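Working notes, structure below.
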Amino acid sequence: MKYKCLLCGIEFESDEANPVCPVCGATGDDLVPVTEEESK
Ligand SMILES: [Zn+2]
C-alpha cells in the first residue's frame, strides 16, 4: 500500500501493518493511505 506522510509530505510504498516514514520517522496518524490511482 502507498502512504503519504503528513509531516514531511512524501509518498512511499510500505507493506507493513504499521508503516514508518523513511524520511522523518513518522508513524500512525501522521501517515495516511493513498488510495487514488493515477492512470498510466
Ligand atoms: Zn515523513
Study note, to complete from the structure: Counting only DSSP loop positions in the chain, the GluC sites (Glu not before Pro) whose Cβ has at most 15 other Cβ atoms within 10 Å are E16, E36, E37, E38
Study note, to complete from the structure: Expected unfolding gain across L6-C24 under the 0.36 nm per residue rule, minus the alpha-carbon gap, is 5.5 nm
Practice item. Can you tell me how much longer the chain between T35 and E16 gets when fully stretched, taken as 0.36 nm per residue apart minus their C-alpha distance, in nm with one decimal? Key: 5.2 nm
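Each value in this text was obtained by applying a stated rule to the coordinates, not by laboratory testing. Just so you know, these numbers come straight off a predicted model, no measurement behind them. When we count neighbours, we look across all protein chains shown, and the Cβ atoms used for this are built from the backbone with ideal geometry, even at glycine.
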